[in-house]
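Okay, structure first, notes after.
The values are calculated or read from the model by the stated rules, or taken from the named source; none is laboratory data. Bear in mind that the values here come from a model prediction, so they are computed numbers and not experimental data. When we count neighbours, we look across all protein chains shown, and the Cβ atoms used for this are built from the backbone with ideal geometry, even at glycine. In case anyone asks, the SASA skips ligands and DNA or RNA and just uses the protein heavy atoms, side chains included. Shrake-Rupley method; radii C 1.70, N 1.55, O 1.52, S 1.80 Å.
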Amino acid sequence: MIDSTIIVYSSYGNENVSVRTKLGVDENSFDSVLKSLCEKSQYGEAWSLYRDSSDWLAFLSYNTLQNLLSQCLRNRNFAAAVTVFEDMKMTGFRPNKVTFSMLISGLAKHRRRGSGFRELGYKYWRELRAMHGNLDPAALRIGMQACVGVGKFDEAEEILNLLEERDAAADIRTYNILINGYAKKRDTSAIESLFDKMRVSGVKPSITTYNALISSHAKRGRMGEAVRCWERAESDGIAADAWTYTIIMKGHINNGDFYQAKQAWRQMVESGVKPTLVSFSVMIDCAIGEGDMAHAERLLSQMIEQGGHPSEVTFNSILRAYVADNSLESLHKAVRVLDQMQDSGVIPSTDTLNMLMSAAVSAEQSALAEKVYDRMQEMGQYADGYTYTILIQAYARQGRLPDAVTAFENLSKDPHAIVDIAAYNAMVDAFARSGEMQAAEKMLDTTCTFASATNTEPPVEAFGAVVAGYVRLKMVSAAVKTVRRFHSIGGQPDVQMLDQLIDLCVRTGDYKVAMQAVRAMELVGAEVDKEKYKTMITRLEEKSRARRSNQSKLEEKNSSKVYMERFKFWLGLPNSYYQ
C-alpha cells in the first residue's frame, strides 16, 4: 500500500493561522503588501493573502488588482484571474482596455476543452467592444484571438477585413492569429487561402506562418506534405526555427516513427538551432514512447544543464508516463515527480493534479486522491468539474456515500466548475455501489434528462452502474429491465454491461436470459470469454451434482435445465440439449 502521507509537504502543515496574520497585514497595509508580493512574483503568497482577505477588497487599488490578475494568468490559474476581474468590477472599478485585453488574451489561449475559459474570453471581448467602442489594432487582434478560440472564424475574418481597411493595420501578426486557428482545425485549404490573400496585400509570410501550415499537415499525419511545406519556406528564404523542428518531431512521434523524430532532433542540433523547452519536452515524449525512461531523464538533465527551467509541460510528460503504467510503484514515482515539480518552483495546474487524482482512483488508492485534492486547495488552485467527478468516484469506492453526495452538491454550487455527464454518471455509480438502488434509479432518470437536454447520447456508464448494482444484489429481473430500458431509448449496451448480466445469470441459474445476453454480445461483434463461463459451469455442476442425485426425471427436464444444456452446447461443453 502507498503511504498517502508522502503526498503532503511538511511545509504546508495543518496550521489554522491566516496568511494575513502570519504576514502581519492590516487594512491599511493590505494594498502595499499585496502589491509588493506581486512585484516580486511571489504568486503563492499573494494569492493566499488575497483569498484570506476578501473582506478587505475595498482597500485595494486598481493597479494592485491588475498586478494580481497578471500574476494569476502567468501562473495559469485562470479561474483566479476571472475571480480578480469580477471582484474588480464589483468594487466599482471600470476595467480599462489593458486589463480587458490581458485577461481575454490569456483565456483565449487556454487549451483544454470543456473548461469554459475560452467562452469567457469571448464574453469579455464582447464586453470590451461594447464598453470602449473604437479599439486600436492591438485590441482588435486580441478580439480575433477570442473569436478564434471559440471557433467563430467568420467574426475573426470580419475583424481582419476591418484592420485591412485601416491603412495596412493587418500585418503578419494579424494573419498568423487566423492561420494558427485554422491550423488547430487542420483546415489547410483555409490556410492556403489566407496565404493567397497575404500575397495580394503584400504581406510576407514569416516562419510562424509556415509553421502553422506545417502543423496543419503534421496533425493530420501527412508528414510528406509537412516536409514539403518546410522546403517551400526555405525556398522563400525563410529559415526553420526551433518550432519548425519541434512540429516535425512531434508529427513523427504521433505517427509512431521515433527514428525520424530523432533524426529531426539531430538535424536541429547540428544546424545550430537551440532547442526550446517544448523541443526538449517533445523529445522526452519520444523517449517515453520508446519506453526509455532513462533517456527521458537524461534529456531532462540536459535541459537543466543548458539553463532551461522545466515547465509544467515537461514535468507532465514524465508524470503522464508513470501514471499510464498503472502500477503502485509508478504511482509512487508520479508523486515524487509532483514533489520535484514544486521544488523547482513550478505550480502544478488543476489538470496536472486531476491526472494524479484519477490515477490514484484507478489504482484503488482513493485516500491518495483525497490527499492530492487537499494539496490542490492548499496551493490555491480551483477544482473543476473533472476534479469533483474524481472525488465522487473516490468516495464511492470507499463506500462513503454522504461524502460523494456532498462533492456533487459542491460541484453544482461552484462557479468555477461545470457539471457534465461524467459527474452525473459518477453519482449514479456512487448510489449503486452503496446498494441504494432506489436513489440510483432516480439519479439515472436525472442523468437521462441531462443527456437529452445537452444532446448527449444515452449514458451507457450510468446504466452500466445501475446494472452492476443489481448484479451485486443478484437481482436478475431488475438488471434485465435496466438493460432493456437502455436499449429502448436508443442506447447500445456495451460489452461490460452484457458480460456482467451473463455472469449474474449463470450464477443464479437463469440460462435463458444468459443466452439472450450472449446473442446481444455477438450482434455487436464482441467476443465472449467462453473459457470463463466453461469454468463457472463446471464448478457449479460439481457443487450441485450431489444435490441432483435424488432429483426425478421430471425435475431434470424443467425449463431451467433445458436452457442450461443449451448454454453448455453453445460453450462447447458436453450436454444433453439435443436429447
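Where helices (runs of 4 or more DSSP H) sit wholly within region 335-418, those with at least 1 residues that are of a type in the set (Phe, Trp, Tyr) occupy 366-379, 385-397, 401-413. Yes or no: region 414-429 includes at least one residue that is out of contact with any strand residue (DSSP E or B) (no Cβ under 6 Å at 6 or more places or on another chain), surrounded by fewer than 15 Cβ atoms within 10 Å (Cβ to Cβ), closer than 20 Å to Thr389 by Cα and of a type in the set (Ser, Thr, Tyr). No, the conditions are met nowhere in region 414-429. Report yes if Val278 is of a type outside the set (D, E, K, R) and at pLDDT 90 or above, otherwise no. So Val278 does not fit the description; no. Being touching a residue at least 12 places away in the same chain (Cβ under 8 Å), touching a Lys or Arg at 6+ places or on another chain (Cβ under 6 Å) and open to solvent by 20 Å² or more (accessible area, probe 1.4 Å) is a condition met by at least one residue of region 131-138. Are any of the residues in region 101-108 over 20 Å from His416 (Cα atoms) and either basic (Lys, Arg) or touching a helix residue (DSSP H, G or I) at 6+ places or on another chain (Cβ under 9 Å) (or both)? Yes, there is a match, as at least one residue in region 101-108 is over 20 Å from His416 (Cα atoms) and either basic (Lys, Arg) or touching a helix residue (DSSP H, G or I) at 6+ places or on another chain (Cβ under 9 Å) (or both).
Looking at region 173-202, I want the residues that are among the aliphatic types (A, V, I, L, M) and have a partner that is surrounded by fewer than 16 Cβ atoms within 10 Å (Cβ to Cβ) and not in a helix (DSSP H, G or I) with Cβ atoms under 8 Å, at least 6 apart or on another chain. Which pairs are those? These pairs meet every condition: Met198/Lys204.
Scanning region 342-367 for residues that are closer than 22 Å to Ala430 by Cβ and either open to solvent by 30 Å² or more (accessible area, probe 1.4 Å) or of a type in the set (Gly, Ala, Ser) (or both) yields Met355, Ser358, Ala359, Ala360, Ser362, Ala363, Glu364, Ser366, Ala367.
Filtering region 255-286 to residues that are of a type in the set (Val, Ile, Thr) and open to solvent by 60 Å² or more (accessible area, probe 1.4 Å) leaves only Val269. If you go through region 368-397 and keep only what is surrounded by fewer than 17 Cβ atoms within 10 Å (Cβ to Cβ) and closer than 21 Å to Leu328 by Cα, you end up with just Asp374. Here is a check on your reading of the model: is Glu305 at pLDDT 85 or above, farther than 24 Å from Arg74 by Cα and of a type in the set (Asp, Glu)? No; evaluated as a whole, the condition is false for this residue.
From the list Glu127, Glu155, Glu119, the lone residue that is of a type in the set (Asp, Glu) and without any contact (Cβ under 8 Å) to a residue 12 or more places away in the chain is Glu155. Of the residues that make up region 115-124, is at least one crowded, with 23+ Cβ neighbours inside 10 Å, at pLDDT 90 or above and under 15 Å from Asn63 (Cβ atoms)? No; the residues of region 115-124 include none that is crowded, with 23+ Cβ neighbours inside 10 Å, at pLDDT 90 or above and under 15 Å from Asn63 (Cβ atoms). For region 32-55, a residue qualifies if it is closer than 25 Å to Gly92 by Cα, under 35 Å from the mean Cα position of the chain (by Cα) and open to solvent by 20 Å² or more (accessible area, probe 1.4 Å), and the qualifying residues are Lys35, Ser36, Glu39, Ser48, Arg51, Asp52, Ser54, Asp55.
Only one entry of Ser29, Ser18 meets the criterion of being open to solvent by less than 70 Å² (accessible area, probe 1.4 Å), at pLDDT 90 or above, farther than 21 Å from Phe100 by Cα and polar (S, T, N, Q), and that entry is Ser29. Going by the conditions given, is Phe85 in contact with a Leu (Cβ under 8 Å, 6 or more places away or on another chain), under 19 Å from Leu68 (Cα atoms), aromatic (Phe, Trp, Tyr) and surrounded by fewer than 23 Cβ atoms within 10 Å (Cβ to Cβ)? Here the answer is no, as Phe85 does not meet what is asked. In region 453-508, counting only helices (runs of 4 or more DSSP H) that sit wholly within it, none holds 3 or more residues that are surrounded by 24 or more Cβ atoms within 10 Å (Cβ to Cβ), β-branched (Val, Ile, Thr) and touching a Lys or Arg at 6+ places or on another chain (Cβ under 9 Å). Identify, please: which residue in region 143-161 is among the β-branched types (Val, Ile, Thr) and assigned to a helix (DSSP H, G or I) and is, among those, farthest from the chain's Cα centre (by Cα)? Ranking the qualifying residues of region 143-161, first place goes to Ile159.
Out of Leu300, Leu319, Leu331, one residue alone is open to solvent by less than 40 Å² (accessible area, probe 1.4 Å) and over 24 Å from the mean Cα position of the chain (by Cα). It is Leu300. Being in a helix (DSSP H, G or I), open to solvent by 60 Å² or more (accessible area, probe 1.4 Å) and either modelled with pLDDT of 85 or more or not small (Gly, Ala, Ser) (or both) is not true of Glu127. Looking at region 193-275, the helices (runs of 4 or more DSSP H) lying wholly inside it that each contain 2 or more residues that are in contact with a His (Cβ under 9 Å, 6 or more places away or on another chain) and either modelled with pLDDT under 90 or among the small types (Gly, Ala, Ser) (or both) sit at 223-235, 258-270.
The single condition from (1) at pLDDT below 90; (2) under 25 Å from the mean Cα position of the chain (by Cα) that Val476 fails is (2).
If only residues of region 164-180 that are more than 16 Å from Tyr210 (Cβ to Cβ) and crowded, with 20+ Cβ neighbours inside 10 Å are counted, the one that is modelled with the highest pLDDT is Thr174.
When the test is whether a residue is open to solvent by less than 30 Å² (accessible area, probe 1.4 Å), in a helix (DSSP H, G or I), within 20 Å of Thr389 (Cα to Cα) and among the aliphatic types (A, V, I, L, M), Ala517 does not pass it.
The listed residues are Val528, Val513, Val562, Val524, and the only one of them that is of a type in the set (Val, Ile, Thr), more than 22 Å from Cys448 (Cα to Cα), modelled with pLDDT under 70 and over 33 Å from the mean Cα position of the chain (by Cα) turns out to be Val562.
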